[in-house]
Protein chains: 2
Amino acid sequence: MANNYNVCVLGATGMVGKEMIKILEEQNFPVARFLPLASERTAGSKVTFRGKEYTVEEAKPGSFKDMQIGLFSAGAKVSKVFAPEAAKAGCVVIDNTSQFRMDPSVPLVVPEVNPQAIKRHKGIIANPNCSTAQMVLPLKPIYDKAGIERIVVSTYQSTSGWGKEAIAEMYDQTKKLLADPRARVEAKYIFKQIAFNCVPQIDQFTDNGYTKEEMKMYDETRKIFEDDNIQVTATCVRVPVAIGHSETVNVKTRKKISIAEVRKLIGSFPTCVVMDDPAKGIYPTPIECEGRNETFVGRIREDISQENGIDMWIVSDNLRRGAALNAVLIAQKMITDKLI
Amino acid sequence: MANNYNVCVLGATGMVGKEMIKILEEQNFPVARFLPLASERTAGSKVTFRGKEYTVEEAKPGSFKDMQIGLFSAGAKVSKVFAPEAAKAGCVVIDNTSQFRMDPSVPLVVPEVNPQAIKRHKGIIANPNCSTAQMVLPLKPIYDKAGIERIVVSTYQSTSGWGKEAIAEMYDQTKKLLADPRARVEAKYIFKQIAFNCVPQIDQFTDNGYTKEEMKMYDETRKIFEDDNIQVTATCVRVPVAIGHSETVNVKTRKKISIAEVRKLIGSFPTCVVMDDPAKGIYPTPIECEGRNETFVGRIREDISQENGIDMWIVSDNLRRGAALNAVLIAQKMITDKLI
């Protein structure tokens with residue numbers, strides 16, 4: 001008989017935390033004891049897991065005693081403090097924040113892509129940034145077959161990637177602008193007005209002119225593929241969408257590969273779905289992918305501008321694939337591989 | 001003393017036609033007689049030019065007698081019929097539709113970029129597609145200084161590019177979805193729901209998997225630069241924005257050029273504005289560019305993924321720069337150069 005595990009969710013009241021709880025239920029995850037945790041600010045609120053109401057407890061260094069799996073999504077600062085505490089207490093942390101992603105001692109894992117990295121963990125496993133996670137999935141079988149030399153990616157990222165306040169801000173601005181197109185709206189969470197607009201800044205700028213979000217796509221892609229020869233340039237843009245990130249991805253492979261083969265490889269890869277029939281107007285859009293676990297790929301075509309080039313359009317539910325689902329899949333993989 | 005010219009606007013009731021009339025006024029264009037024309041469907045409506053109300057006349061083969069300049073924006077089919085008629089009658093047509101753009105006997109002109117092409121006209125001059133026009137402007141001084149080998153462009157195109165019905169559709173869908181997030185909305189003009197969504201299809205698909213809009217960016221860029229060695233791959237995406245197209249543009253130059261020099265070159269180029277100070281959160285977004293004649297460029301940075309690579313973000317009012325303004329600027333250039 002399979003074991004059951006004591007699981008805590010840190011950041012249980014946030015968008016990703018709530019999605020983690022939902023996915024633990026959906027995936028029928030073998031939970032013995034369930035413990036929802038949050039920072040002082042939201043501790044005391046209620047969450048429901050498998051029909052039972054729980055009071056969210058405030059995370060403290062002692063919270064992780066007896067816990068075996070910790071799903072963390074309460075911000076990098078919170079993870080910085082509590083992930084080492086949890087690991088010390090024997091609770092394996094699967095961390096959705098950016099805190100440990102580039103730490104050489106922490107595996108950065110998309111379980112379908114680099115499951116081999118999990119076993120190198122020392123108590124903490126990092127979940128990649130949402131836009132990286134959904135990109136590396138369909139690229140993995142291409143990488144294995146033909147190698148990848150360079151990636152040019154532009155993102156169309158939804159407001160949910162910046163938290164529930166950002167979605168509320170988008171809806172609030174939208175209402176005001178519909179009532180009065182000349183209204184001046186306040187941008188508190190996203191850097192500029194996002195309603196009926198596009199904002200080419202996600203996270204802070206770094207010294208080379210790229211944002212942190214863009215550098216995450218560069219660094220994390222190379223770390224996940226364990227290949228520093230892969231070149232990546234990213235431009236990350238926030239668009240007025242609630243849930244679901246989209247990406248235009250231009251890839252140069254090392255070897256020739258036909259588009260028919262690319263379609264076949266992606267379609268056969270776990271959790272990837274080819275949704276690509278231009279003649280019938282079939283391609284994925286974010287609203288169609290909301291609430292789905294798969295990564296959807298369309299607009300797959302031979303790049304007319306270079307040898308060995310492929311263009312594609314990748315869409316996924318960023319709260320799931322790029323965050324909550326990925327974390328739960330890592331935990332499941334650890335159980336299957338008897339690593340916990 | 002400067003001459004005045006008889007000017008007709010075909011498609012006077014459409015979004016671009018209205019913008020053409022506004023720009024003729026703003027630019028104090030030397031109009032002797034003004035004649036607004038449209039297809040049978042909207043003929044009879046009223047438009048105002050320089051404070052005087054005009055009844056829009058139905059375009060007929062005889063409409064162009066005594067006209068010297070025709071600004072056309074009533075669709076490719078209308079231009080196909082009436083542009084040769086007008087040209088025959090001695091009215092120089094500046095055509096905003098796709099009908100003649102790739103016709104070898106028709107110059108395709110962005111007046112700041114390839115003014116030399118104007119004088120080769122045989123009665124018809126084509127205006128490029130909006131997304132091409134705003135891209136080639138900041139690229140021109142880079143091309144002249146360092147050459148351009150390849151361009152990877154992803155667009156974030158506003159609904160106004162598909163006409164006023166598409167904007168209305170976006171607002172209508174948005175209202176319905178704000179009232180009921182589960183509402184099923186109808187998509188009549190844009191291929192799929194555009195409110196709170198992104199649609200990676202603009203115009204119809206071609207046999208190679210690119211859309212016509214994407215192939216326009218490929219073909220027109222090469223024609224405007226008169227250089228078939230420039231490689232271009234484009235992915236064109238409709239976003240829920242009313243006016244203003246944005247583009248992420250990744251360029252590989254033939255020779256090394258510093259980012260400081262790129263900024264200086266673009267900033268000194270006519271009608272281009274560098275809006276680029278990441279430290280202060282300064283970069284252009286579509287709502288800031290609405291109603292403006294300039295092309296705004298931000299996020300200029302050295303591409304970390306290749307030698308001689310530049311990344312940038314180009315935003316412009318598509319109804320102006322990419323359409324109405326460009327047409328009027330061509331007419332002005334003809335007058336300045338005594339080509340009419």
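The values are calculated or read from the model by the stated rules, or taken from the named source; none is laboratory data. This is a predicted model, so every value here is computed, not measured. No Cβ is skipped: glycine too gets one built from the backbone with ideal geometry, and neighbour counts run over all protein chains shown.
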Filter the range B:279-306 for residues that are over 20 Å from residue A:156 (Cβ atoms) and of a type in the set (Lys, Arg); the one that is nearest to the chain's Cα centre (by Cα) is B:292
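Being under 26 Å from residue B:300 (Cα atoms), in contact with a helix residue (DSSP H, G or I) (Cβ under 7 Å, 6 or more places away or on another chain) and either more than 7 Å from chain B (Cβ to nearest Cβ) or of a type outside the set (A, V, I, L, M, F, W, C) (or both) is the requirement here; does residue A:216 meet it? So that I can check it myself, show each step before the final result.
On the way: under 26 Å from residue B:300 (Cα atoms): yes; in contact with a helix residue (DSSP H, G or I) (Cβ under 7 Å, 6 or more places away or on another chain): yes; either more than 7 Å from chain B (Cβ to nearest Cβ) or of a type outside the set (A, V, I, L, M, F, W, C) (or both): yes.
Taking the combined requirement at face value, the residue satisfies it.
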Please give the number of the condition residue B:117 fails out of (1) assigned to a helix (DSSP H, G or I); (2) buried (at least 21 other Cβ atoms within 10 Å of the Cβ); (3) not basic (Lys, Arg). (2)
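Please pick out the residue among B:136, B:152, B:93 that is farther than 27 Å from residue B:240 by Cα and either surrounded by 20 or more Cβ atoms within 10 Å (Cβ to Cβ) or more than 14 Å from every other protein chain (Cβ to nearest Cβ) (or both). Please lay out each step first, then the result.
On the way: B:136 fails: farther than 27 Å from residue B:240 by Cα; B:152 fails: farther than 27 Å from residue B:240 by Cα.
Going through B:136, B:152, B:93 in turn, the sole match is B:93.
Taking residue B:145, is it touching a residue at least 60 places away in the same chain (Cβ under 8 Å), within 20 Å of residue B:233 (Cα to Cα), among the charged types (D, E, K, R) and not in a strand (DSSP E or B)?
Values: touching a residue at least 60 places away in the same chain (Cβ under 8 Å): yes; within 20 Å of residue B:233 (Cα to Cα): no; among the charged types (D, E, K, R): yes; not in a strand (DSSP E or B): yes.
The answer is no for residue B:145.
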Would you confirm whether any residue within the range B:314-332 is in contact with a strand residue (DSSP E or B) (Cβ under 6 Å, 6 or more places away or on another chain), at the interface with another protein chain (Cβ under 10 Å from one of its Cβ atoms), closer than 16 Å to residue A:201 by Cβ and assigned to a strand (DSSP E or B)? yes
Among the residues of the range B:193-204, how many are more than 9 Å from every other protein chain (Cβ to nearest Cβ) and not in a loop (DSSP other than H, G, I, E, B)? 0
For the range A:21-59, the count of residues that are within 28 Å of residue A:129 (Cβ to Cβ), surrounded by fewer than 21 Cβ atoms within 10 Å (Cβ to Cβ) and either among the β-branched types (Val, Ile, Thr) or free of Cβ contacts under 8 Å to residues at least 12 places away in the same chain (or both) equals 6
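Residues A:220, A:226, A:214: which one is buried (at least 20 other Cβ atoms within 10 Å of the Cβ), in contact (Cβ under 8 Å) with a residue 60 or more places away in the chain and of a type in the set (Asp, Glu)?
Values: A:226 fails: buried (at least 20 other Cβ atoms within 10 Å of the Cβ); A:214 fails: in contact (Cβ under 8 Å) with a residue 60 or more places away in the chain.
Answer to the check: A:220.
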Of the conditions (1) outside any helix (DSSP H, G or I); (2) more than 10 Å from chain B (Cβ to nearest Cβ); (3) more than 20 Å from residue B:167 (Cα to Cα); (4) out of contact with any strand residue (DSSP E or B) (no Cβ under 8 Å at 6 or more places or on another chain), residue A:207 fails just one. Which one is it? (2)
Taking the stated definitions as given, is residue A:244 surrounded by fewer than 24 Cβ atoms within 10 Å (Cβ to Cβ) and either at pLDDT 95 or above or of a type outside the set (Lys, Arg) (or both)? no
The one condition in (1) out of contact with any strand residue (DSSP E or B) (no Cβ under 8 Å at 6 or more places or on another chain); (2) more than 13 Å from chain A (Cβ to nearest Cβ) that residue B:228 fails to fulfil: (2)
Quick test for you: out of A:259, A:300, A:304, pick the one residue that is surrounded by fewer than 18 Cβ atoms within 10 Å (Cβ to Cβ), touching a residue at least 24 places away in the same chain (Cβ under 8 Å) and facing another protein chain (nearest Cβ under 10 Å). A:259
Which condition number in (1) closer than 30 Å to residue B:82 by Cα; (2) at pLDDT 95 or above; (3) in contact with a helix residue (DSSP H, G or I) (Cβ under 9 Å, 6 or more places away or on another chain); (4) more than 14 Å from every other protein chain (Cβ to nearest Cβ) is the one that residue B:190 fails? (4)
Under 7 Å between Cβ atoms, which residue pairs at least 6 apart in sequence (or on different chains) link something in the range A:100-126 that is within 23 Å of residue A:144 (Cβ to Cβ) with a partner that is polar (S, T, N, Q)? A:110/A:326; A:112/A:271
Can you say whether residue B:207 is surrounded by fewer than 22 Cβ atoms within 10 Å (Cβ to Cβ), in contact with a helix residue (DSSP H, G or I) (Cβ under 7 Å, 6 or more places away or on another chain) and more than 24 Å from residue A:239 (Cα to Cα), as far as the supplied structure shows? no
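Quick check: is even one residue across the range A:168-191 in a helix (DSSP H, G or I), surrounded by fewer than 17 Cβ atoms within 10 Å (Cβ to Cβ) and within 20 Å of the chain's Cα centre (by Cα)? Spell out how you get there, then give the answer.
Start the filter on the range A:168-191 by keeping residues that are in a helix (DSSP H, G or I), which leaves A:168-179.
Next, only the ones that are surrounded by fewer than 17 Cβ atoms within 10 Å (Cβ to Cβ) stay: A:168, A:172, A:175-176, A:178-179.
Then keep just the ones that are within 20 Å of the chain's Cα centre (by Cα); that gives none.
There is no residue in the range A:168-191 that is in a helix (DSSP H, G or I), surrounded by fewer than 17 Cβ atoms within 10 Å (Cβ to Cβ) and within 20 Å of the chain's Cα centre (by Cα).
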Condition check: modelled with pLDDT of 95 or more and within 14 Å of chain A (Cβ to nearest Cβ). Does residue B:87 satisfy that? no
